[in-house]
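Each remark here refers to the structure printed beneath this line.
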Amino acid sequence: MSEETVSKTASFKKGERGYIDHQHKSSLIRFIIPCIITFVLTLCTWVIFPQYGMVFLVLAVISAIPTAMAAVNLIMFMRFKSISEEDYKKIEEARGNILIYYDAVITTSEKSFFVPAAGVLNKNTMLLIPPEMKDSDALLKHLNLMNKKNGFKEWNVKCFKGTEEFVKRLKALSSQKLKVLKKDEEMIRLISNLSL
């Protein structure tokens, strides 16, 4: 692995390769700590300080709320993993000046969609989706709705199943030597806002 790749993945910012794998670890820590606190408060209720049982019981119940939220977060991230190093390299070689957002988990009220990579250039959004994703139409519908709500008119959004298709489209678009528009950067921010 090159130094540049290591430095890029070591930052673990949203939109960079490695973000989801990093979230596996940090979500687990954010779950374990409140879990321990809730357990200790429950233990204080019956064993250590039974005379103040009600106080510790209330605190234990209150501490269960962030514990439950951390559990949901952990479960959400554990369902997905970061884009592979091999696919990442193929995309980086083909991208040209196309803006790329990696490791997106786009959430809707019904479902979460894993998008290993999203490319944006000149009013085109290209989404790399796993070949096994069956409801890509629901993802497209959601993104088109969000585009309209956020003022992205006449925007072309397409899903590509598998890295080869996605890379082929990136090469075709980057060969046109199109310039990055201000709206393209805003679209990347929108994808980030829609993602976990």
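For segment 182-196, residues that are surrounded by 14 or more Cβ atoms within 10 Å (Cβ to Cβ) and either polar (S, T, N, Q) or not in a helix (DSSP H, G or I) (or both) total 3. Candidates ASP87, ASP135: the one that is modelled with pLDDT of 90 or more and either on the phi > 0 side of the Ramachandran plot or not basic (Lys, Arg) (or both) is ASP87. Listed by position, the helices (runs of 4 or more DSSP H) inside segment 1-110 whose residues that are surrounded by fewer than 17 Cβ atoms within 10 Å (Cβ to Cβ) and among the polar types (S, T, N, Q) number at least 1 are 3-10, 19-43.
Pick from LYS171, LYS158, LYS141: which is within 13 Å of THR108 (Cα to Cα) and modelled with pLDDT of 90 or more?
Numbers: LYS171 fails: within 13 Å of THR108 (Cα to Cα); LYS158 fails: within 13 Å of THR108 (Cα to Cα).
The match here is LYS141.
For LYS158, are the conditions met, namely being part of a strand (DSSP E or B) and of a type outside the set (A, V, I, L, M, F, W, C)? Here the answer is yes, as LYS158 does meet what is asked.
The values are calculated or read from the model by the stated rules, or taken from the named source; none is laboratory data. Note that this is a predicted model, so its numbers are computed, not measured. As a convention, Cβ positions derive from the backbone with ideal geometry for all residues, glycine included, and neighbour counts pool all protein chains shown.
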